[in-house]
Structures are given as structure tokens and as C-alpha cells.
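The values are calculated or read from the model by the stated rules, or taken from the named source; none is laboratory data. Quantities reported herein were computed from a predicted structural model and do not represent experimental measurements. In this analysis, Cβ positions are derived from the backbone assuming ideal geometry, glycine residues included, and neighbour counts consider all displayed protein chains. Surface areas here come from the heavy atoms of the whole protein model, side chains and all, with no ligands, DNA or RNA. Shrake-Rupley method; radii C 1.70, N 1.55, O 1.52, S 1.80 Å.
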Amino acid sequence: MAMTERQMIQEILNTVDVGYDFENVDEDNKQYTLLIKRQDNDVRDLNEINAEIKEYFKDADFSYDEQVEPKDIDADIRVEVKR
């Protein structure tokens, strides 16, 4: 059985070992907005984390539009992905 887009997103973010929440989910259009946070004691640079996440999403044929350290949002990275 093939993974759904949502399951694939969760697998990618768990692989990179970051905390995340779905801010917006539009499963009909396969579009998702994610709020990503570094785990406690994670000292990796946000740009390094973002580059790793972006590579996984590109490999899975998702578009990827990110905001690193977005203003007025409780997240380290805000990402919009679509398949």
C-alpha cells in the first residue's frame, strides 16, 4: 500500500528529527503548511536543517516554499509543500 502525502510528510520530518505541526491541510489539493521547530538540545543551524528537509521534499516530488524564522509565528521554519 502506497503512503499518503501526509504520511510521507511525517516520515520526512521524523527522519530529519524535528518537531512539527500541520498549520493547514488541504488534502484535496495535496497542499500542506507546516510549522517546524528544532528539538530541545538540537544545535544544528536552521539553514542546515532547512536544506536537509528541502532535499527530502524535492526527492519526493513536492514543491517547497519556506520561511526561515518567520515573524509572528511560533516556529523556526514555516513551509508550504504541494504535490
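Listed values, structure above:
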read-out	value
Options Asp76, Asp59; residue that is closer than 18 Å to Thr4 by Cβ and acidic (Asp, Glu)	Asp59
Qualifying strands (runs of 3 or more DSSP E) (wholly inside segment 19-83; at least 3 residues being in contact (Cβ under 8 Å) with a residue 60 or more places away in the chain and over 11 Å from the mean Cα position of the chain (by Cα))	none
Count of segment 57-83 residues which are open to solvent by 100 Å² or more (accessible area, probe 1.4 Å) and under 19 Å from Gln39 (Cα atoms)	2
Test for Asp59: is it in contact with a strand residue (DSSP E or B) (Cβ under 8 Å, 6 or more places away or on another chain), modelled with pLDDT of 95 or more and not small (Gly, Ala, Ser)	no
